[in-house]
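So the structure is just underneath, and the comments pick up after that.
The values are calculated or read from the model by the stated rules, or taken from the named source; none is laboratory data. Note that the structure is predicted; figures quoted are calculated from it, not measured. Glycine gets a Cβ as well: all are built from the backbone with ideal geometry, and neighbour counts include every protein chain shown.
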Amino acid sequence: MTRFASRVFSGVQPTGNLHLGNYLGAITRFVEMQKTHNCIYCVVDMHAITVWQDPAELAHNTREVTAAFIAAGIDPQAHIVFNQSQVAAHAELAWIFNCVARMGWLNRMTQFKEKAGKYRENASVGLFAYPTLMASDILVYRATHVPVGEDQKQHLELARDIAAKFNHDYGKSIADHGFGDAFFPLTEPLITGPATRIMSLRDGTKKMSKSDPSDYSRITLTDDADAIALKVRKARTDPEPLPSDVDGLKGRAEADNLVGIYAALAETGKADVLRDHGGSQFSAFKLALAELAVARMAPIAEEMRRLLADPAHIDSVLADGAERARSIAQDTIDSVKDVVGFVRGRSA
Ligand code: TYM
């Protein structure tokens, strides 16, 4: 078996309204992984335009996600932070993967079905091919681990299927070119912790999402203390007090969600939260949750504001990250071209 050096890759779309789900489900995990792995974190602007984005807002949102990464504790010098469109190899490899992946595989993607909805015929081709670009993001760095929230699980399974089919279809050429018995790793999704699926504050059965029309459904990373407190106060709940153990959260989606958010913010488990707050009324629990959320999130919002006041600095971080990403990705794409049989001309 070919061994791959361990490397982490993950991405976030710059589509505005970056929220607590993105922070607790993904970004805090990104921060943790830095201690043990080489990490590459990408603002996936090419994925964002699979649905319409106003150009000025896209540029702003790209800088905002970058600021959020840095404010949350990602170190862009020790690791790599960049925006996808600056590294052309993502698009090049995605085309090759479009020719490896099967229509049937993509037809099964639930996110496409949800996003395209009733207007499938009118969805962009990019929205349909979204998961092949995502596989390319990961595999152009031959990343071995990808921390994400629960909603990305199916896309990561597809990335593994694409890697396996590429390794299989080109097996002989891969060996002939000296790459052993596999060119791409079968990447492992890392979907763990208490916050892999944070739900809407308005409806405990719906995922917290950037595109929910209700602003009260999510706490965003740019909300100030008053907005956070108000949204927690208005969060939907049921009339019963909190249970004293995790079993008691069954069938109580909103209670389960708020306890999960509390646990993730406090970096503990739901059982511990219920040990302290079991039997409390929601009015009291919400006050404690708002206080905790403000203590944790307000410094990040403030640091983001400070960073966003100097967009040229953010752009220089992205340029530096892109340069380092490009050199890794270029190596992969050159080798892939050899494996596939694309002639790479060299001047005489
Ligand atoms: P995106 O931008 O929708 O979300 C970024 C990250 O946040 C996680 N997330 C959540 N986690 C918990 N609860 C929620 N309610 C919640 N909502 C979102 C997502 O799972 C994700 O980890 N397709 C990806 C971006 C991407 C990518 C990649 C990720 C492009 N290429 C390669 C990993 C590897 C997306 O749309 O994430």
In the set 81, 51, the lone residue that is in contact with a Leu (Cβ under 9 Å, 6 or more places away or on another chain) and assigned to a loop (DSSP other than H, G, I, E, B) is 51
Can you name the residue in segment 1-26 that is in contact with a His (Cβ under 7 Å, 6 or more places away or on another chain) and more than 8 Å from the ligand (Cβ to nearest atom) and is also nearest to residue 47 (Cα to Cα) among such residues? 8
Answer yes if at least one residue in segment 221-232 is hydroxyl-bearing (Ser, Thr, Tyr) and over 25 Å from residue 306 (Cα atoms), and no otherwise. no
Unique match (being surrounded by 14 or more Cβ atoms within 10 Å (Cβ to Cβ) and closer than 21 Å to residue 284 by Cβ) among 198, 191, 219: 219
Looking only at segment 113-134, decide whether some residue is in a helix (DSSP H, G or I) and under 30 Å from residue 313 (Cβ atoms). yes
Between a first residue in segment 133-161 that is of a type in the set (Gly, Ala, Ser) and a second residue that is near the ligand (Cβ under 7 Å from one of its atoms) and in a loop (DSSP other than H, G, I, E, B), which pairs have beta carbons less than 9 Å apart while being 6 or more apart in sequence or on different chains? 149/195; 149/196; 149/197; 149/198
Odd one out for residue 43 among (1) at pLDDT below 95; (2) within 21 Å of residue 26 (Cα to Cα): (1)
Taking the conditions exactly as written (small (Gly, Ala, Ser) and either within 30 Å of residue 135 (Cα to Cα) or at pLDDT 95 or above (or both)), does residue 298 satisfy them or not? no
Checking residue 253 against (1) small (Gly, Ala, Ser); (2) touching a strand residue (DSSP E or B) at 6+ places or on another chain (Cβ under 8 Å); (3) touching a residue at least 60 places away in the same chain (Cβ under 8 Å), which test does it fail? (3)
Residues that are buried (at least 16 other Cβ atoms within 10 Å of the Cβ) and of a type outside the set (A, V, I, L, M), drawn from segment 281-310: 282, 285, 286, 296, 303
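Name the residue, out of 135, 164, 143, 159, that is at pLDDT 95 or above and over 15 Å from the mean Cα position of the chain (by Cα).
The conditions single out 164.
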Selection count where residues are farther than 26 Å from residue 132 by Cβ and of a type in the set (A, V, I, L, M), scope segment 8-61: 4
Among the candidates 271, 255, 290, residue that is closer than 16 Å to residue 222 by Cα, more than 24 Å from the chain's Cα centre (by Cα) and at pLDDT 95 or above: 290
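Among the residues in segment 247-257, are any outside any loop (DSSP other than H, G, I, E, B) and in the same structural domain as residue 20 (by TED's automatic domain parsing)?
Scanning segment 247-257 turns up no residue that is outside any loop (DSSP other than H, G, I, E, B) and in the same structural domain as residue 20 (by TED's automatic domain parsing).
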Do you know which residues across segment 254-275 are surrounded by fewer than 20 Cβ atoms within 10 Å (Cβ to Cβ) and among the hydrophobic types (A, V, I, L, M, F, W, C)? 266, 271
How about segment 149-177: which of its residues are within 16 Å of the ligand (Cβ to nearest atom), surrounded by fewer than 18 Cβ atoms within 10 Å (Cβ to Cβ) and more than 18 Å from residue 132 (Cα to Cα)? 150
The lone condition residue 35 fails out of (1) surrounded by fewer than 18 Cβ atoms within 10 Å (Cβ to Cβ); (2) charged (D, E, K, R); (3) touching a residue at least 60 places away in the same chain (Cβ under 8 Å) is (3)
Those residues of segment 194-208 which are within 9 Å of the ligand (Cβ to nearest atom) and closer than 16 Å to residue 249 by Cβ, in sequence order: 195, 196, 197, 198, 199
If residue 74 passes every condition in (1) without any contact (Cβ under 8 Å) to a residue 60 or more places away in the chain; (2) assigned to a helix (DSSP H, G or I) but one, which one does it miss? (2)
Complete set of residues in segment 201-242 that are in a loop (DSSP other than H, G, I, E, B), touching a helix residue (DSSP H, G or I) at 6+ places or on another chain (Cβ under 6 Å) and basic (Lys, Arg): 202, 236
